[in-house]
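Trainee: First the structure, then my questions, so here it is.
The values are calculated or read from the model by the stated rules, or taken from the named source; none is laboratory data. Remember, predicted model here, so these are calculated numbers, not experimental data. Glycine gets a Cβ as well: all are built from the backbone with ideal geometry, and neighbour counts include every protein chain shown.
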Amino acid sequence: MKTTQENFIGQIGFDRFQRNVETARANNHEHWIGDIPVRKEMVVFFKSFKDKRYNIVPCVDKSSTVFWKRDAEGESIGIPVFDKLGITFPDAKEFRSGSIIIAHDGTDMQYCVESDKIENEKYASHSDGYNIRQSKDMKKALKIAMTYLKPLGYDDILDRCRNQLSNGIENLRSPARERLHERLSIQRNDIAQEVAHMIASGYVPSTPSFKIAVDLIAQEGAELRRMQDYKPRACFVWVKPNSLSYRFTDETQVTECTSMDDVPEFVRNKLAVLQIAKNGDAITDVGIRVSDITYWVFA
């Protein structure tokens, strides 16, 4: 199937990818994984891995490097190729299990595997090499890939979406806190005058700032107080091609549904709202859309 903007999976711009592909085709580049121009060694590495883990999906997440060859006249031609491919799986194409990389170490070729689950103690934890293991022997690299580049589970996906829950709730709280702070930040002289007035008479605000604060509390106070400490019960939902998984954050059991009829009605209703929202949108008493396949639903 030809790669289009709709089915392209990658973190680089599609236009840039397309230009790289056109350049490689125009110069008769020989080595491809689908529509992705790569080195010969990457073809062998990827296909050997796919033979063992058949449902891997390659992703173009890093800019191309240049592969040099000579044309018929002996002139050097630079061809863009991708030496690093992200690895994902059909159930969660937006989330990477890791990457496979072809790298030159002097005259030798290194086959590399990158994953957040790799901790290479030869490197400092903040360095690029900390999450990479490599070998000149492709068979050894394949064993590493089989160990670390597996389909992500429900908890893996949830962990990658956890920040969006806290950020989304904070975004819902902030307007209420800002309005209360704005209206209740009153000058000391106004406070003193108001207290004196309260003592002297039945309470009717005598300062404009107090009147605004009183009106706000009377009209919106309950909702603003609710929202400034908003903390809904949350349910993480992962929508896969053939099923849906969900779990409340205060529970331990993940529920897997192969039919939408088995999904609780309130979850279905709120998903319907979130599916027409934008990624990152947080909606009060509804939830947060993280991506096309992951959502936080508020109970």
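Trainee: Which condition number in (1) exposed (fewer than 13 other Cβ atoms within 10 Å of the Cβ); (2) not assigned by TED's automatic domain parsing to the domain that holds A141 is the one that I9 fails?
Mentor: The number of the failed condition is (1).
Trainee: Which one of T3, T88 is of a type in the set (S, T, Y), at pLDDT 95 or above and buried (at least 16 other Cβ atoms within 10 Å of the Cβ)?
Mentor: Working: T3 fails: at pLDDT 95 or above.
Of T3, T88, the one residue that is of a type in the set (S, T, Y), at pLDDT 95 or above and buried (at least 16 other Cβ atoms within 10 Å of the Cβ) is T88.
Trainee: Working only within segment 50-69, note down all residues that are β-branched (V, I, T) and either modelled with pLDDT under 95 or assigned to a strand (DSSP E or B) (or both). Reasoning before the result, please.
Mentor: In the first step, residues of segment 50-69 are kept if they are β-branched (V, I, T); the result is 56-57, 60, 65-66.
The answer is V57, V60, T65, V66.
Trainee: Could we say that A176 is in a helix (DSSP H, G or I), of a type in the set (A, V, I, L, M) and surrounded by 13 or more Cβ atoms within 10 Å (Cβ to Cβ) here? Don't jump to the end; show me each part of the working.
Mentor: Working: in a helix (DSSP H, G or I): yes; of a type in the set (A, V, I, L, M): yes; surrounded by 13 or more Cβ atoms within 10 Å (Cβ to Cβ): yes.
It is true that A176 is in a helix (DSSP H, G or I), of a type in the set (A, V, I, L, M) and surrounded by 13 or more Cβ atoms within 10 Å (Cβ to Cβ).
Trainee: Select from segment 114-148 the residues that are among the aliphatic types (A, V, I, L, M), surrounded by fewer than 14 Cβ atoms within 10 Å (Cβ to Cβ) and either in a helix (DSSP H, G or I) or at positive phi (or both) and list them in ascending order. Before you say what the answer is, go through the steps one by one.
Mentor: Initial filter on segment 114-148 (among the aliphatic types (A, V, I, L, M)): 118, 124, 132, 138, 141-142, 144-146.
This time we only want the ones that are surrounded by fewer than 14 Cβ atoms within 10 Å (Cβ to Cβ), so: 124, 146.
Residue satisfying the conditions is M146 alone.
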